[in-house]
Amino acid sequence: MYFQTFKSFKYPFFRLFFGAMLAHRVSVNMQTLVRSLLAYRISGSAAILGATAFAHLLPMFFLSLYGGAIADRFPKKNIIIIGELLSGLGALCVGLSIAYGYLNAEHSNSLWILIIASVLQGTVNGFSRPSQQAILPEIVGEKQLMNAVCLNSMSMNVMRTLAPALAGFLVYIIGFAAVYYTMAGMYFITAVLISFMPITRTASICNRSTLFDIKEGIQYIRNDATILFVLVFTLFGVILSMPYMTLIPIFADDILEVGARGLGILLSASGIGAIISSLVLASLPNKKRGLMLLISSLILGIALGGFSFSNSWYLSLGMISLVGLTHAARMALSKTILYSFTEVAYRGRVMGIYMMEIGLISFGTFVAGLLTEVVGVQWALGSFSMVLILVSSMTLVFLTRIRNLD
């Protein structure tokens, strides 16, 4: 059982990639907490909190498809390294802005610095994230994809457990600047580790325009019903479920009244659930993945609704753990299905569309932030969970193509 769960580690370059992604995700998950918390403390507004996330994720929506086309024609390794170096430089600049007093809660007009940094980080992610996603099948064999995806997801979820708690304590003890310095260091470490990886497979399509490649990729997705349906279902799941990651500081400060340390614990509880999910999925055979995808999405909606309307600290911890478990399962299963059913030459562009959808988190978060101003954060997030339950139930009943996927 142990060997079955961790069998992808027999590939040396997967081990290297796994370590690099651990460092990368320290930064990503610290950033999720500190950017949201800092924006809320500067502005005191849920709408501004949503707008900050919108500024970060909107460039991903517009640039990820272009980044996917680049991933299909250039070495993915080099694209990842450039992205990590630029991300590290951006985090360093924000840390220095905080340390020298240009960005803090005492100057509400300093929020523009955080918003510009969010836009630049989103731009870098739009170009580099599709390569991060598409490189994995080139490192391990086709039969190991689900195992590799789940172990890679586990690394993300381990960092979702540890990094937010660390960031929360660093903010409480030392301040925001220390967190951003740590993030910068982790991005630079990732770039160094990726530099030791070999150049992986690329397609020889450099004699054609990038725009032609993008159009070709869109046409390929339109003609493949399985990939199209999974992408559309993922789109709804992302928009409806992910705003909780940005709005959770409001629950920590105003609903549960547990502050930055409690916020770190909530995010860590979500990460623990996700780790359990990743380990279980890594041990399972490649069967009934479509059915598991739909069921996990349905349970995610139920758990998210429970968390939204809870005023109890312990009930909230339980619900957020279940949210993390089912969210990780949904993401890992959708990604594995896309890898398995996509032709090699189009994986970068399909992952570009996938990351483009992730960029739409900003749209859902922005709408949830505006709704919070009107009806409160509990009803705003709760209404999203109700729609997710409805969409998942209807898909489970009526879309047999997805339900029957192995």
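The values are calculated or read from the model by the stated rules, or taken from the named source; none is laboratory data. In this text the structure is predicted, and so the values were computed from the model without any measurement. No Cβ is skipped: glycine too gets one built from the backbone with ideal geometry, and neighbour counts run over all protein chains shown.
Within the range 125-138, can one find any residue that is within 30 Å of F6 (Cβ to Cβ) and surrounded by fewer than 20 Cβ atoms within 10 Å (Cβ to Cβ)?
Among the residues of the range 125-138, at least one is within 30 Å of F6 (Cβ to Cβ) and surrounded by fewer than 20 Cβ atoms within 10 Å (Cβ to Cβ), which makes the answer yes.
Kindly indicate whether any position in the range 275-295 is within 22 Å of G376 (Cα to Cα) and crowded, with 21+ Cβ neighbours inside 10 Å.
No.
Looking only at the range 333-366, count how many residues are hydrophobic (A, V, I, L, M, F, W, C) and over 28 Å from V377 (Cα atoms).
Within the range 333-366, residues that are hydrophobic (A, V, I, L, M, F, W, C) and over 28 Å from V377 (Cα atoms) number 9.
Only one residue in L63, L16 is closer than 30 Å to A345 by Cα and surrounded by fewer than 24 Cβ atoms within 10 Å (Cβ to Cβ). Which one?
Residue meeting the stated conditions: L16.
Quick one: count up the residues across the range 392-406 that are part of a helix (DSSP H, G or I), surrounded by fewer than 18 Cβ atoms within 10 Å (Cβ to Cβ) and not hydroxyl-bearing (S, T, Y).
Here the count works out to 5.
Consider Y180 carefully, then state whether it is modelled with pLDDT of 85 or more, under 30 Å from S334 (Cβ atoms) and either aromatic (F, W, Y) or not in a helix (DSSP H, G or I) (or both).
no
What about Y40, is it over 16 Å from the mean Cα position of the chain (by Cα) and closer than 23 Å to V171 by Cα?
Yes; evaluated as a whole, the condition is true for this residue.
Being surrounded by fewer than 17 Cβ atoms within 10 Å (Cβ to Cβ) and modelled with pLDDT of 75 or more is the filter here; which residues of the range 31-59 pass it?
R41
Looking at (1) over 29 Å from S270 (Cβ atoms); (2) not in a helix (DSSP H, G or I), which is the only condition L103 fails?
(1)
Going through the range 65-76 one residue at a time, which ones are of a type outside the set (A, V, I, L, M, F, W, C) and under 20 Å from the mean Cα position of the chain (by Cα)?
Y66, G67, G68, K76
Taking the residues in the range 189-203 that are in a loop (DSSP other than H, G, I, E, B) and more than 14 Å from R15 (Cα to Cα) as candidates, determine which candidate is modelled with the highest pLDDT.
I199
Would you check if D224 is surrounded by 16 or more Cβ atoms within 10 Å (Cβ to Cβ), touching a residue at least 40 places away in the same chain (Cβ under 8 Å) and out of contact with any Lys or Arg (no Cβ under 8 Å at 6 or more places or on another chain)?
yes
Could you identify the single residue in V94, V119, V28 that is surrounded by 22 or more Cβ atoms within 10 Å (Cβ to Cβ) and either over 24 Å from L266 (Cβ atoms) or aliphatic (A, V, I, L, M) (or both)?
V94 is the lone residue from the list that is surrounded by 22 or more Cβ atoms within 10 Å (Cβ to Cβ) and either over 24 Å from L266 (Cβ atoms) or aliphatic (A, V, I, L, M) (or both).
Any idea which residue in the range 149-170 is surrounded by the most Cβ atoms within 10 Å (Cβ to Cβ), counting only those that are among the hydrophobic types (A, V, I, L, M, F, W, C) and over 17 Å from the mean Cα position of the chain (by Cα)?
Restricting to residues being among the hydrophobic types (A, V, I, L, M, F, W, C) and over 17 Å from the mean Cα position of the chain (by Cα), the top hit is A167.
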